[in-house]
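Structure, as structure tokens:
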Amino acid sequence: MKNIVSIFIIILFPLLISGQAIKKHSNDSIEEFALRNKPEKAEKISFIKVAKWNSKEGIFVFYKENFKDENLTSDNKTYTRLIGNLFIRTPKNNKYKRILIDTIHQEGGDPKIEDLFFANADNDQYDELIIITSWNQRHYQISGKIYGTFIYDEWKNLNIDYLIFQEEISKIVDGGFDGNREGEIVKAKYKNRDEIISKLKEMTH
């Protein structure tokens, strides 16, 4: 499900990581700040949330970008992906450091961020970042959604440029398909934060 990380980190770093603190103007709204600092080819904000992660304030933004990839198709089809950025407030007044979260691609339908929250996933003293994503599915005899769970390790300091995806833990609480498949009603096991947090607590205690 996660056809995401390394190659796109390499490609997108020149666009996403400046290595310098980004100033938020005093009259900027959160949305204005996020739009002013969007990746070059991103079209709009798909999801935005301001939250504290392990006591540090962050702006979590996923930008929508449409693109064409000759390696994926020969019919000039346009694909959609979400580019996730985390803007962490630095000790400097009203300045932020940009950290790449991830790039989430189509899985049949376009990706949609359903929820973003924090919980302990590995039995240490810090909470991880947890993102629930869904993709609408409309095919012959198939109607519903695929739910995906993406868990990222806590960031330790401002020297990092991207978050570390915790693949094995994410697989355990991955949601799967929810809907009608060939006349059979199928329920995703994990598609909201309560279900995921309950499973993580079971694993870490």
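Rounded to whole numbers, the Karplus 3J(HN,Hα) couplings from phi for the stretch 33-46 are 4, 5, 5, 5, 10, 6, x, 4, 9, 5, 8, 6, 7, 9 Hz, using 6.51 cos²θ - 1.76 cosθ + 1.60 with θ = phi - 60°, and x at Gly and Pro.
In summary, the stretch 85-205 shows an alpha-carbon radius of gyration equal to 1.21 times the 2.2 N^0.38 Å reference for compact globular proteins.
For TRP53, the residues 5 or more places off, or on other chains, whose built amide H falls under 5 Å of its own are GLY58.
The helix-based estimate of mean residue ellipticity at 222 nm for the chain, built from -39,500 (n - 2.57) per DSSP H run of four or more residues and divided by its residue count, is -5000 deg cm²/dmol to the nearest 500. Under 10 Å, Cα contacts only: if you run a Gaussian network model on the chain, which one of TYR152, TYR63, TYR140 comes out with the highest mean-square fluctuation? Top of the fluctuation ranking is TYR140.
Projecting the Cα atoms of ASN27, ASN157, TYR63 onto the charge dipole of the chain (Cβ charges, centred on the Cα centre) puts ASN27 farthest toward the positive pole.
Taking all Cα pairs closer than 8 Å and separated by 6 or more residues, the relative contact order of the chain comes to 15 percent.
Taking the Cα centre of the chain as the origin, how large is its charge dipole in debye, to the nearest 20, when only Lys and Arg (+1) and Asp and Glu (-1) carry charge on their Cβ atoms? Don't skip to the end; give the middle numbers.
Values: 31 positive and 31 negative charges, 152 e Å.
I would put it at about 720 debye.
Under 5 Å between amide hydrogens, built in the peptide plane, is the criterion, and for GLN166 it picks out ILE151, TYR152, ASP153 among residues at least 5 positions away or on other chains. Taking each of LYS49/LYS187; LYS49/LYS97; LYS41/LYS189; LYS56/LYS95; LYS68/LYS189 in turn, the alpha-carbon distance tops 25 angstrom for LYS49/LYS187; LYS41/LYS189; LYS68/LYS189.
Solvent-free Debye calculation, one equal scatterer per alpha-carbon of the chain: log10 I(q)/I(0) at 0.10, 0.12, 0.19 Å⁻¹ equals -0.46, -0.65, -1.43.
The GNM of the chain, with springs linking C-alpha atoms under 10 angstrom apart, assigns the highest mean-square fluctuation among ARG89, ARG193, ARG138 to ARG138.
Distant-in-sequence amide contacts of PHE47, defined by a placed amide H-H separation under 5 Å and a gap of 5 or more residues or a different chain, comprise PHE62.
Taken together, the values in this text are just the output of simple stated rules run on the coordinates, not laboratory data. Model, not experiment: these values are computed from the prediction. Cβ atoms come from the backbone with ideal geometry, glycine included; neighbour counts cover every protein chain shown.
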